[in-house]
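Participant: Structure incoming, see below.
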Amino acid sequence: MDKVLKNYIKSFENLNENNISKLTKLCSEDVIFIDPFNKIKGKKNLEKMLMAMFQKTQNPSFKVIYSIGSSKQSIIKWNFSCRIFKKFIEFEGLSEIKIKKGLIIKHEDFWDSGSNFYANIPIVGRLFRNIKKN
């Protein structure tokens, strides 16, 4: 496994409000991050987004299940858990990580926001759970 990717994975698995910069130092200044809720560019914006995650959830945690790829591009399968809306949620997703000149230049997450997030929101969640049944 590429050293940058190994350190990036370790940083995500140990991420907390006080060490976000440890993760972002592995990223290019104009890193792109995409997930079902965000499309951001830049290290500072990534730091703000991660800090917001800690402010909106309790005990968010990532655990990497496996990674495959090369020194330029990898896929990571992970498990995420947290408490939000007074509920414990946990789900798996995939991330595509692109590396250039020893820095992360793109991180794109793929996961089901309907089943894994919206279904847990009070009132709105009932609608998503009913859609999923059908």
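Participant: Once phi is turned into ³J(HN,Hα) by the Karplus curve 6.51 cos²θ - 1.76 cosθ + 1.60 with θ = phi - 60°, what whole-Hz value does each residue of segment 65-80 show in order, with x for glycine and proline?
Facilitator: Residue by residue, segment 65-80 yields 8, 6, 9, 9, x, 10, 6, 10, 8, 9, 10, 10, 9, 9, 10, 10 Hz.
Participant: If the limit is 30 Å between Cα atoms, which of LYS63/LYS106; LYS86/LYS106; LYS10/LYS48; LYS56/LYS100 go over it?
Facilitator: In this structure, LYS86/LYS106; LYS56/LYS100 exceed 30 Å between Cα atoms.
Participant: Let me ask something additional. Of the options LEU5, SER70, LEU50, report the single residue whose Cα projects farthest towards the positive end of the charge dipole of segment 1-88 (beta-carbon charges: Lys, Arg +1; Asp, Glu -1).
Facilitator: LEU50
Participant: Rounded to whole Hz and in sequence order, give me ³J(HN,Hα) for segment 9-15 from the Karplus expression 6.51 cos²θ - 1.76 cosθ + 1.60, θ = phi - 60°, writing x for Gly and Pro.
Facilitator: Couplings: 4, 4, 5, 5, 5, 10, 5 Hz.
Participant: Pop out the ³J(HN,Hα) list for segment 82-87 in order, Karplus 6.51 cos²θ - 1.76 cosθ + 1.60 with θ = phi - 60°, rounded to Hz; leave Gly and Pro as x.
Facilitator: These are the phi-based 3J(HN,Hα) values: 5, 10, 8, 6, 6, 10 Hz.
Values quoted throughout were computed directly from the atomic coordinates according to the rules given, and no laboratory measurement underlies them. Quick caveat, the model's predicted, so the values are computed rather than measured. So basically every Cβ, Gly included, is an ideal-geometry build from the backbone, and we count neighbours across all protein chains shown.
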